[in-house]
2 protein chains.
Amino acid sequence: MTKSFVYTASIQDYLKHIYLLLERGEAVTTTALAQRLKVRPASVTGMLRRLARSEPPLIVYQKHRGVMLTEAGKRAALEVIRHHRLIETWLVQSLGYSWDEVHEEACRLEHVISEQLEARLASLLGNPAYDPHGDPIPDQDLNLPPDTTLPLASLRPGQQGRICRVQSEQKELLRYLEQKGLRPGVSLVVVDYSPFDGNLTILPQSPDASPFVIGLAVSLKVFVEVLP
Amino acid sequence: MTKSFVYTASIQDYLKHIYLLLERGEAVTTTALAQRLKVRPASVTGMLRRLARSEPPLIVYQKHRGVMLTEAGKRAALEVIRHHRLIETWLVQSLGYSWDEVHEEACRLEHVISEQLEARLASLLGNPAYDPHGDPIPDQDLNLPPDTTLPLASLRPGQQGRICRVQSEQKELLRYLEQKGLRPGVSLVVVDYSPFDGNLTILPQSPDASPFVIGLAVSLKVFVEVLP
DNA sequence: CAAAAGATTTAGTCATACCTGAATTCTATT
DNA sequence: AATAGAATTCAGGTATGACTAAATCTTTTG
């Protein structure tokens with residue numbers, strides 16, 4: 001058995017979500033984890049103790065003070081995330097899934113693919129650095145590409161950006177954005193900004209697009225590279 | 001969740017192996033199942049009771065008398081087998097695995113792919129009816145293609161056959177046959193037969209092949225279609 | 001700063017899904 | 001009818017994790 005399988009699916013899920021919270025700069029609280037994992041906070045505390053006491057320790061955990069991943073924990077998390085994102089890419093590129101359909105499938109497959117399959121899948125897909133949502137895929141050594149993106153919400157009228165990433169697993173949101181023509185690779189110009197509600201009016205740079213308004217909640221989940 | 005996931009991996013494995021034993025005409029004994037599943041006979045008895053009492057019942061089980069699959073049990077078994085064989089086909093056709101490398105990977109993946117993925121995979125591969133070992137793949141409605149093959153062991157000198165199936169998961173055997181040029185699709189002529197040990201001398205119908213001897217144990221695992 | 005609110009942890013349970021050895025019972029063979 | 005071998009029952013064990021309720025800690029707020 002390869003290294004990534006010494007951990008149960010559940011342990012891998014905890015590590016994955018800890019990593020994802022850290023990655024987004026959100027606080028890794030017991031409650032946040034409980035929500036994501038759909039368990040009770042008490043269960044999270046229990047698992048955090050296990051992760052901290054495991055050999056090797058996967059997290060550093062001081063009660064009431066929060067959680068950090070150890071090197072081993074980070075590796076395990078990135079391994080699962082690499083699996084997840086490669087699988088999502090495969091489902092879209094090779095099997096004709098749309099980007100709102102891939103998440104659950106990837107969540108089940110990510111725990112059972114071997115290192116060999118991971119490698120061959122990556123190679124089949126051309127060693128992609130980003131998945132269909134623009135999420136970065138750790139490379140074979142689990143290194144991530146540098147991230148120079150900003151949330152769309154931070155752009156102001158006149159500024160131009162290219163969409164790099166849509167950070168959401170919500171089917172409806174993804175379908176909505178898809179339908180508005182907002183997906184990674186698309187450029188857009190900000191036309192207006194309302195300081196009261198944070199709404200942005202944007203114009204995608206595609207021939208048949210017209211300007212429309214996008215709310216703060218959404219524009220915080222869309223990440224862009226600012227264009228000169 | 002789709003139907004195939006109401007059963008645990010372990011239940012699916014029991015059903016699969018019951019089906020495979022039945023398919024090969026071998027007796028579905030407690031010991032045979034225990035060997036295949038690498039557990040003790042006592043554990044098998046325990047699980048058989050569960051499978052018989054489950055709702056719907058998956059097997060008909062009278063103690064000391066053997067096991068039959070119910071319709072539901074057969075469907076569940078065929079579902080897993082379809083997954084397994086489609087995945088093996090995919091690994092070979094799309095990812096460049098050799099036929100001796102695919103079994104373990106398929107054994108893990110077969111339990112976690114959705115009906116949707118199953119369908120798309122099948123379609124990507126052109127709805128294959130046979131996997132890389134020549135094992136028949138149940139179609140979407142779980143029907144199997146008719147089987148008109150005979151074990152190579154039953155051919156006699158002068159008879160010609162085309163290999164349809166190699167019924168083994170043993171890596172070494174598969175590699176050996178591969179190297180001898182014996183894989184599904186290949187035609188051969190039987191040149192000699194020894195009634196004492198059951199050895200067959202065969203000549204593959206390929207340009208650079210020379211006759212060689214194949215033992216009874218092996219020739220019972222290779223299935224051919226007799227050619228006129 | 002004290003009290004309330006909110007988040008987190010502890011303690012004690014429960015549940016699932018198996019597996020096991022040892023003793024027993026059944027079946028088939030001779 | 002004795003016996004070998006196969007199968008079953010019994011009582012118990014392990015591994016994962018989840019849960020509630022009560023206690024404790026931290027943060028906020030009047």
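The values are calculated or read from the model by the stated rules, or taken from the named source; none is laboratory data. All of these numbers come straight from a predicted model, not from anything done at the bench. Reconstructed Cβ throughout: ideal geometry from the backbone, glycine too, with neighbour counts over all protein chains shown. For accessibility, only protein heavy atoms count, side chains too; no ligands or nucleic acids. Shrake-Rupley method; radii C 1.70, N 1.55, O 1.52, S 1.80 Å.
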How big is chain A in terms of Cα radius of gyration and Dmax, in angstroms?
18.9, 57
Square roots of five times the Cα gyration tensor eigenvalues for the range A:150-227, Å:
16, 14, 12
Using heavy-atom solvent-accessible surface (probe 1.4 Å) with all chains present, what is the largest-first order of A:M68, A:M47?
A:M68, A:M47
log₁₀ I(q)/I(0) of the range B:68-159 at q = 0.15 Å⁻¹, via Debye over equal Cα point scatterers, no solvent, to two decimals?
-0.61
Semi-axes in Å, largest first, for the protein assembly as shown (Cα gyration tensor, √(5λ)) are 51, 28, 20
Skipping prolines and chain starts, which residues have an amide H placed within reach, meaning under 5 Å, of the one on A:V60, given they are 5 or more residues away or on another chain?
A:M68, A:L69, A:T70
Can you compute the FRET efficiency between B:Q179 and B:E26 using 1/(1 + (r/R0)^6), with r the Cβ-Cβ distance and R0 = 22 Å? Round to the nearest 0.05.
0.20
Give a residue-ordered list of calculated ³J(HN,Hα) values for the range B:41-56 (Karplus: 6.51 cos²θ - 1.76 cosθ + 1.60, θ = phi - 60°; whole Hz; x for Gly, Pro).
x, 4, 5, 5, 3, x, 5, 4, 4, 4, 5, 6, 8, 5, 10, x
Cβ neighbours within 10 Å from other chains - mean over A:110-116:
4
Just to verify a number: what accessible area does B:T29 come out at with the full protein assembly present, 1.4 Å probe, Å² rounded to tens?
60
Cross-link pairs B:K38/B:K171; A:K38/B:K38; B:K63/B:K171; A:K38/A:K74; B:K16/B:K180; A:K38/A:K221 - those with Cα-Cα distance over 28 Å
A:K38/B:K38; B:K63/B:K171; B:K16/B:K180
Can you show me the helix-derived [θ] at 222 nm for the protein assembly as shown, built from DSSP H runs with n ≥ 4 at -39,500 (n - 2.57) apiece and divided by the number of residues, rounded to the nearest 500.
-12000 deg cm²/dmol
Would you mind checking which residues have amide H under 5 Å from B:D135's amide H? H placed 1.01 Å from N; only 5 or more apart, or other chain.
B:V166
What range in chain A is the longest one free of trypsin sites (Lys or Arg not before Pro) that are in a loop by DSSP and have at most 11 other Cβ atoms within 10 angstrom?
A:66-228
How high is the relative contact order of the range A:3-69? Use alpha-carbon pairs under 8 Å, at least six apart in sequence, and give a whole percent.
23
Heavy atoms of A:D197 accessible to a 1.4 Å probe, total area in Å² rounded to 10:
80
Give me the inter-chain shielding for B:103-109: mean count of other chain Cβ atoms within 10 Å, whole number please.
3
Let me have the relative contact order for chain B, percent, based on Cα pairs under 8 Å that are six or more residues apart.
15
From other protein chains only, count the Cβ atoms within 10 Å of every residue's Cβ in A:119-130, then give the mean.
1
Quick one: Karplus J couplings for the range B:192-209, per residue in order, coefficients 6.51, -1.76, 1.60, θ = phi - 60°, nearest Hz, x for Gly and Pro?
8, 9, 9, x, 7, 10, x, 4, 10, 9, 10, 10, x, 7, 10, x, 9, 9
Per-residue HN-Hα couplings for the range A:212-219 [Karplus 6.51, -1.76, 1.60; θ = phi - 60°; Hz; x = Gly/Pro]:
8, 9, 10, x, 4, 4, 6, 5
Return the long-range amide H neighbours of B:Q159 (sequence gap of 5 or more, or a different chain), with a cut-off of under 5 Å between placed amide H atoms.
B:V190
